[in-house]
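All remarks here apply to the structure that follows.
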Amino acid sequence: MNIVVIGAGRGLGAVLVQELRKRGHTVEAGYHRLPETADNSLSEYLMDVMDEKSLIDAADAIRQSAGKVDAVVDVAGILLDSDRTCTLMDEPEEDLMRQLDVNAIGIVRAFRAFYPVLSGGGRFLAVTSEGGSFSLAGSLFPGYSVSKTAANKYVQVLRETIRKEDVDIFAIHPGRMNTGMGRTTAQIEPEEAAAGISDILEGKIPVDTDRHWFIDYLGRPMPL
Ligand SMILES: NC(=O)c1ccc[n+]([C@@H]2O[C@H](COP(=O)([O-])OP(=O)(O)OC[C@H]3O[C@@H](n4cnc5c(N)ncnc54)[C@H](OP(=O)(O)O)[C@@H]3O)[C@@H](O)[C@H]2O)c1
């Protein structure tokens, strides 16, 4: 398969690129900050989910070199330090906005940019979070959690906007991973999440997105 991973710099994104390439897939890696040695011919692109132009330019370059892609996985996400220490009463408004921008609207930007190369049977996997579920009440990571709720809702609305046969879009909770972001709550290594997401992409874990469009990295339905 030809797969685009957005947010490939570190954490789950970096591990997922490695895992998919190990399994023989062609992977186009999208970086928030392009490594100095980056080279489009090596399938490395600038993809900043806050910058629509970077996404459209990357999608155009990929269309020219590879034609259609089978799947896009948007892993990009942020959890700001203020969100770990503040409550909704005192977290700076700009930090609330930035998390919404990257974690929620970033998904819409990425989907719009890559729609032309996915249209006609592709899949778009938005990595969101259990933190976005209404059923998980709590005040931990307030701005991040709300941004992930918005992300899930954007996925739902996109599913009602675009026919599933054209592009099947769904949301994935990757587990509580031992990464820069998840270090305080980790239960699994990112390699485990990357293996599960790869199995989902390969169809080894069957997913019925008509019934469940928010699942975890093992394909289990997640509560909304
Ligand atoms: N870790 C967990 O326990 C956990 C749990 C539930 C959900 N998630 C979700 O899983 C995804 C991956 O998390 P992680 O733990 O691997 O986090 P991470 O280690 O902090 O990595 C996040 C990645 O997103 C990239 N990124 C940030 N802003 C971006 C932007 N504007 N455009 C493009 N890429 C951007 C980062 O690039 P730079 O480093 O260059 O900024 C980095 O490569 C995130 O969406 C996160 O919310 C994680």
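Of note:
- Considering residues of the range 201-224 that are in contact (Cβ under 8 Å) with a residue 40 or more places away in the chain and outside any loop (DSSP other than H, G, I, E, B) only, the residue farthest from Arg123 (Cα to Cα): Asp216
- Evaluating Arg163 against the criteria (1) under 18 Å from Phe214 (Cβ atoms); (2) open to solvent by 50 Å² or more (accessible area, probe 1.4 Å) leaves one unmet condition, (1).
- In the range 78-169, counting only helices (runs of 4 or more DSSP H) that sit wholly within it, the ones holding 2 or more residues that are within 14 Å of the ligand (Cβ to nearest atom) and β-branched (Val, Ile, Thr) span 106-118, 142-161.
- When Ala193 is tested against (1) over 15 Å from Thr128 (Cα atoms); (2) touching a strand residue (DSSP E or B) at 6+ places or on another chain (Cβ under 7 Å); (3) among the small types (Gly, Ala, Ser), just one condition goes unmet, and that condition is (1).
- Residue list for the range 7-20, filter: hydrophobic (A, V, I, L, M, F, W, C) and more than 6 Å from the ligand (Cβ to nearest atom): Ala8, Ala14, Val15, Leu16, Val17, Leu20
- For the condition open to solvent by less than 20 Å² (accessible area, probe 1.4 Å), of a type in the set (Gly, Ala, Ser) and out of contact with any Leu (no Cβ under 6 Å at 6 or more places or on another chain), Ala113 does not qualify.
The values are calculated or read from the model by the stated rules, or taken from the named source; none is laboratory data. What you are looking at is a predicted structure, and each value in this text was computed from that prediction instead of being measured. Heads up, the Cβs are rebuilt from the backbone with ideal geometry, glycines too, and the neighbour counts pull from every protein chain shown. Protein only, heavy atoms only, side chains kept; ligands, DNA and RNA dropped before computing areas. Shrake-Rupley method; radii C 1.70, N 1.55, O 1.52, S 1.80 Å.
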